[in-house]
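Q: Okay, handing you the structure first.
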Amino acid sequence: VVLKPSLEVISASEIVHSAYLVLKQLLARTGSVRPRYVLDPRLARARVVSSKSWLLDMLLNYVSNAVKFTAAGEICIRARYATDPATGRPCAVFEVRDTGRGVDPRAAPRLFGHFQQLQGDAGGTGLGLASVKHKATLLGGDAGFRNNADDPDFGGDGGPSGCTFFFRVPLEPPPP
């Protein structure tokens, strides 16, 4: 089966808000993790042509993983306007940042592979991150993660402070 996205003009704010409502509902049972979202006003005003269902599915995949691996602190969904470093074209970057345990750097090379799970994983098929990466690529973008301990924008003190999973998609699909 060949996946092909259904492209339309979408609202980044609608996607982020929908994912935030799901996050809020998932965290209502825990009480120890705060949900939050941040939407770049430039992205809220931008014309984005992409697959609404794919973007929401990708974002919810990250949200679900963050909820599984964050016992306390915060999970933040963020969407921002950026320039793709590979193409120089405008893009939308969607991120889910958590204060969970982070990812062992030794696991990084296989993290987005099919049927891959981290040791001590809290369940799942091991297909979620591979699906995000595949869909991001089909939309003309990419996906990845960074440990927050290595991120100067998030404290960068080297301590365990969770991670940020992201995907980047062009505002307009690349020419065929």
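The values are calculated or read from the model by the stated rules, or taken from the named source; none is laboratory data. As the structure is a prediction and not an experimental result, all values here were calculated from the model. Every residue, glycine as well, gets a Cβ built from its backbone with ideal geometry; the counts of neighbours run over all protein chains shown.
Q: Name the pairs: first residue in region 1-23 and over 19 Å from S64 (Cβ atoms), second residue part of a loop (DSSP other than H, G, I, E, B) and of a type in the set (A, V, I, L, M), Cβ to Cβ under 8 Å, at least 6 apart or on different chains?
A: P5/L139; A12/A46
Q: Which number in (1) within 16 Å of F145 (Cβ to Cβ); (2) modelled with pLDDT of 95 or more marks the one condition that S64 misses?
A: It fails just one condition, (2).
Q: If only one of V38, V22, V49 is surrounded by fewer than 20 Cβ atoms within 10 Å (Cβ to Cβ), touching an Asp or Glu at 6+ places or on another chain (Cβ under 8 Å) and either assigned to a helix (DSSP H, G or I) or of a type outside the set (D, E, K, R) (or both), which one is it?
A: Details: V38 fails: touching an Asp or Glu at 6+ places or on another chain (Cβ under 8 Å); V22 fails: touching an Asp or Glu at 6+ places or on another chain (Cβ under 8 Å).
Just one listed residue meets the conditions, V49.
Q: Which condition breaks for G159 when tested against (1) surrounded by fewer than 20 Cβ atoms within 10 Å (Cβ to Cβ); (2) within 21 Å of T99 (Cβ to Cβ); (3) at pLDDT 75 or above?
A: Of (1) surrounded by fewer than 20 Cβ atoms within 10 Å (Cβ to Cβ); (2) within 21 Å of T99 (Cβ to Cβ); (3) at pLDDT 75 or above, only one is false for G159: (3).
Q: Under 8 Å by Cβ, and 6 or more places apart or on different chains, what pairs join a residue from region 80-101 that is free of Cβ contacts under 8 Å to residues at least 12 places away in the same chain with one that is not in a strand (DSSP E or B)?
A: Taking only residues 6 or more apart or on different chains, the pairs are T83/R89.
Q: Could I ask something else about it? Are any residues in region 62-73 farther than 23 Å from A44 by Cα and either in contact with a strand residue (DSSP E or B) (Cβ under 9 Å, 6 or more places away or on another chain) or surrounded by 21 or more Cβ atoms within 10 Å (Cβ to Cβ) (or both), and if so, which ones? Give the derivation first.
A: So the first thing to find is which residues in region 62-73 are farther than 23 Å from A44 by Cα, and the list is 64-73.
Of everything in region 62-73, those that are farther than 23 Å from A44 by Cα and either in contact with a strand residue (DSSP E or B) (Cβ under 9 Å, 6 or more places away or on another chain) or surrounded by 21 or more Cβ atoms within 10 Å (Cβ to Cβ) (or both) turn out to be N65, A66, V67, F69, T70, A71, A72, G73.
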